[in-house]
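Enquirer: Quick one: structure below, then a few questions.
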Amino acid sequence: MKKSIITILLLLFLGLIYVIYIAYGLFESEIDGNVDGNVARFTVRINNADIDNENYRFTIENIAYETHNNVAPGKIAPGLNFYFDIIIDPTNVDVAFVYDIAVDIPEHEEIHLIIERIHNITTNTPLLLTDRNTYIGIFPLTLIENNTPQTIRVYIKWVDPDSEEIDASLIQTTQLGIPVNISLMQYLRE
């Protein structure tokens with residue numbers, strides 16, 4: 001009886017070693033496979049600058065402003081709307097991606113600027129507000145395959161409910177120096 005128990009344990013031990021050997025052999029054979037394929041390109045052009053990392057920070061110096069009947073041409077005043085464009089070009093991109101645009105509105109005690117909205121002019125869709133002054137958009141693979149740049153327009157409004165008299169030397173008509181940070185990440189439909 002004792003011999004039969006030892007024999008059974010020995011056979012089970014040998015069977016376990018065989019199973020481990022087969023599993024290891026399967027694992028090793030998978031490692032040796034050849035992989036043919038090209039790595040997808042991910043160099044995005046933002047306002048004519050090549051961006052090959054996840055974050056890009058720049059300053060918008062030149063803005064456009066909407067004219068108003070009650071404001072003299074070339075002058076600015078509270079209630080006036082400003083905008084600037086960000087061009088995202090997918091020329092060297094092979095994957096869909098998500099972009100976050102964070103606009104750092106300068107604070108000044110007499111001039112109060114707010115972001116009204118950020119809109120994708122190319123697809124005629126608004127970007128989604130995710131945080132204070134941060135918006136998110138998706139660059140789909142269909143536009144990338146067609147090599148279609150997207151124009152993102154940032155709309156800013158000068159609000160000042162307390163005073164109609166502002167020292168015009170505080171702000172230049174076309175130069176505000178608005179910092180913008182764009183974060184890029186591959187879009188996997190998550």
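FYI, it's all coordinate maths here, none of it is from the lab. No experiment lies behind these values; they were computed from the predicted model shown. Glycine also receives a Cβ, built like all others from the backbone with ideal geometry; neighbour counts cover every protein chain displayed.
Enquirer: Can you spot a residue in the stretch 46-58 that is within 20 Å of Thr142 (Cα to Cα) and in contact with a strand residue (DSSP E or B) (Cβ under 6 Å, 6 or more places away or on another chain)?
Expert: yes
Enquirer: Picking from Ile76, Ile88, which residue would you name as being surrounded by 12 or more Cβ atoms within 10 Å (Cβ to Cβ) and part of a strand (DSSP E or B)?
Expert: Ile88
Enquirer: Consider only pairs whose beta carbons are under 8 Å apart and that are at least six residues apart or on different chains; among these, list those whose first residue lies in the stretch 47-74 and is at negative phi and whose second residue is surrounded by 13 or more Cβ atoms within 10 Å (Cβ to Cβ) and among the charged types (D, E, K, R).
Expert: Ile51/Arg45
Enquirer: Here is a follow-up. For the condition within 23 Å of Arg189 (Cβ to Cβ) and out of contact with any Asp or Glu (no Cβ under 6 Å at 6 or more places or on another chain), what is the one hit in Phe58, Phe42, Phe82?
Expert: Phe42
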